[in-house]
Amino acid sequence: MQVQKKTNFYNSISESMDAEASLKNENKFVSVIAAISIYMGSISIILMSLLMKELDLLTFIRGSIVLFVVATFFIVFSRIRNEVVKMYIYAMLISAILIFSYIEFYEFIGPAVMTISFLILMIILIYSRIEMLIIYLVANIVLNIYAWNMLTEFDNWTTYHPAQTMITLTISFASLGIFRVFRMRQEKIAHQYNDIRISEAKLMATLSSVGDGVIAVDEKGIVEYLNPVAETLTGWELKKSYGQRFEIVFRIINEYTRETVESPVQLVFDTGQIIELANHTLLISRYGRERPIEDTAAPIKDKDGKLVGAVLVFRDFSEKKEKRKEIEYLSYCDHMTGLYNRRFLEEELARLDHERNLPFSFVFADINGLKTINDAFGHAAGDVLIQEVATGFKEECRADDIIARTGGDEFVILLPKTDTDSANQMLKRIKNSLEQKMIMDVNISISFGVDTKTSLNQDAQKVLKKAEDLMYQKKIIESASKRSAVIRSIHNTLLIKSPREAAHSNRVSTICVDIAKAYGVDEDIVNELKIAGELHDIGKIAIDEAILDKGDKLTEEEWVQITHHPETGYRLLSTSSEYYSIAEYILAHHERWDGTGYPQRLKGDKISWGARVIAIADAYDAMISDRPYRKAMSVEVAVGEIKKNAGTQFDPDIVDVFIKKVLGL
């Protein structure tokens, strides 16, 4: 059982992972060994005095008690936490034992006391603090001088040899115990050193394999380590950078000012805190290459919290910066035109709204007829129109001007340091340039409004709103003629696209006029029907030419496209006040009298009279004309079909007037 306890006590020392805890365990062990040794010495003195009856019993008992008390002190003082103080106390206790032994027992054991002195000196040399050794040496020198002087007077050799044997055995026991601790300490140090070597190897492997650059410096800012990534980014090899100042190896500047950025390592030394590098920092390598980087510097502290160095972890920010720029571009720019969007405009307006930019002009622009273009030619054509307008703005505006697309067909231009006259001159150039361009044979038309901030007290948002109001005023004035021009251009495009449609539209227009005159309606209605007959198929501009000229039977999908042309025509014409009155005719000219037509399935008198007229004129001309899918019918056959469908497809009253009064049959 005792052996097991002893083994566990040894293991508690050797297996301790904390060096400080291990030292405390060792010191406790030494204290116990010393106390046991002194206890044994005191007991030995009592036993020796009993065996040697001629000796002074009281002297030996007194000495034994003193040694017993000193041993107890060793046990008590072993609980002191301050190791330095404890070693001083131990040194003084051991010195006290020697002094007491010399004075009290010299006449009995004589030179054996010198043996005690030398054995304890050997133990202290093996295991002690230097302070303890110095104290003991002083006491030992003084006492040995005393012993040397007393040696010639010593003649009690009868008691010397038993005492020498007993003392030697006691001190030997203590020496073996302490030597055991010493060997354990050496093994522990070797084991810990090996662990440190393994840990260092693992640490170096880890630092070498990480994707970030790592630089370690000492407390003076001298480089001690660079990993391979840091070597690549800085252009410095480890062996050449070792011993260099950190600022020489790691040169950083501000991206915009080009001024040197304060060393993050120095900031760590100044604050003792983790430091992150500011944005827009460039690392200049040894060979002059510049890279945007981001990094973090952290302090390295010992177990007492003392700053002993710093470590910097940094990475190449180039790819991430490009992605950030791309994200910023997407968040601030209009993807279709490449211009800025409303969000960026608002931020720039706040940034530019300063006295140094006065006079500050604001331009509000709107594309005329974009909806009409979208309805006629599809949104792809409308997108091309928007892009052409954006290109025109870029070509004529200055590099510092801010051009933003704020809506589908709306744009805002910020012109710092520009008065109203200069802004109007620029807008005139833009307008002239854009009007020379065409989209689907339709001239590009833009309405502008401009207002200028001349005083810092003026609200920029109100000035911009005034520019918008002026634009809408001009748009109202210009819109009627502009929309009509766009519609005429679209119709001309259709006629050029399909000459057959041109001839058909003219004939339908003529028939509509003839029917209207046969009814004796007002001249205004006659003119409406004339124009309606010409434009009744304008919605076909959005249908692929291959479908219009197809000789075979249409597919279901193709037929659906055909049935949409009345709605397209309606949307085009309803945008213009000039054609608004006939838009309803165009929308309903494929409705049937029995309600089975399209697109609204209107029935009877719910179909406008003009639409009913166009329906008969359109059907009749289509039958007597050649078509891609059939030859023309004779007038007689066509009239027979009209009569046959009177009351189902056509208004029977208009059919009767058309056949009798227009055709004269």
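Every read-out reported here was derived from the displayed coordinates using simple, explicitly stated rules and does not represent laboratory data. It should be emphasised that the depicted structure is a prediction, and the values quoted were computed from it without experimental measurement. Every residue, glycine among them, receives a Cβ derived from its backbone with ideal geometry; neighbour counts consider all protein chains shown.
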Notebook entry, point to check: Roughly speaking, what is the centre-to-centre gap between segment 511-536 and segment 296-322 when only Cα atoms are used, to the nearest Å?
Noted result: 87 Å
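Can you pull out the trypsin sites (Lys or Arg not before Pro) in segment 450-512 whose DSSP state is coil and whose Cβ has at most 14 other Cβ atoms within 10 Å? If you can, show how the numbers build up before the last one.
Values: sites: K453, K462, K465, K466, K474, K475, K482, R483, R488, K497, R500, R507; in loops: none.
Of the trypsin sites (Lys or Arg not before Pro), not one in the loops of segment 450-512 has a Cβ with at most 14 other Cβ atoms within 10 Å.
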Check: Where a Cα-Cα gap under 15 Å defines reach, which aspartates and glutamates qualify for K240, not counting those fewer than 8 residues away within the same chain?
Finding: E224, E231
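What trypsin sites (Lys or Arg not before Pro) does segment 599-652 have in DSSP loop regions with at most 14 other beta carbons within 10 Å?
Counting only loop positions with at most 14 other Cβ atoms within 10 Å, the trypsin sites (Lys or Arg not before Pro) in segment 599-652 are R601, K603, K631.
List E355, E237 from most exposed to least, where exposure is judged by having the fewest other Cβ atoms within 10 Å. Intermediate values should be presented prior to the final figure.
Working: E355 8, E237 12.
Lowest count first: E355, E237.
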Notebook entry, point to check: What order do you get for M633, M204, M471 when you list them from fewest to most C-beta neighbours inside 10 Å?
Noted result: M204, M633, M471
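Can you tell me the FRET efficiency between E319 and I248 if r is taken as the Cβ-Cβ distance and R0 is 25 Å, rounded to the nearest 0.05?
On the way: r = 27 Å, r/R0 = 1.09.
After rounding, the FRET efficiency stands at 0.35.
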Check: Under the definition of Cα pairs under 8 Å and six or more residues apart, what whole-number percent is the relative contact order of segment 334-478?
Finding: 35 percent
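For segment 211-323, report the translational diffusion coefficient in µm²/s to the nearest whole number, using Stokes-Einstein at 20 °C, 1.002 mPa s, and a Kirkwood Rh over Cα pairs.
D, rounded to a whole number, is 152 µm²/s.
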Notebook entry, point to check: How about K661: which lysines have a C-alpha closer than 21 Å to its C-alpha, ignoring those fewer than 8 places off in the same chain?
Noted result: K517, K530, K643, K644
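Can you sort M438, M92 so the residue with the fewest Cβ neighbours within 10 Å comes first?
Working: M438 12, M92 15.
By the 10 Å Cβ count, ascending: M438, M92.
How many Lys pairs in segment 334-478 lie less than 12 angstrom apart by Cα atoms, where the lysines are 8 or more positions apart or on different chains?
Lysine pairs meeting the criterion: 4.
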Margin query: Could you tell me the center-to-center distance, by alpha carbons, between segment 594-665 and segment 352-397 in angstrom?
Written below: 46 Å
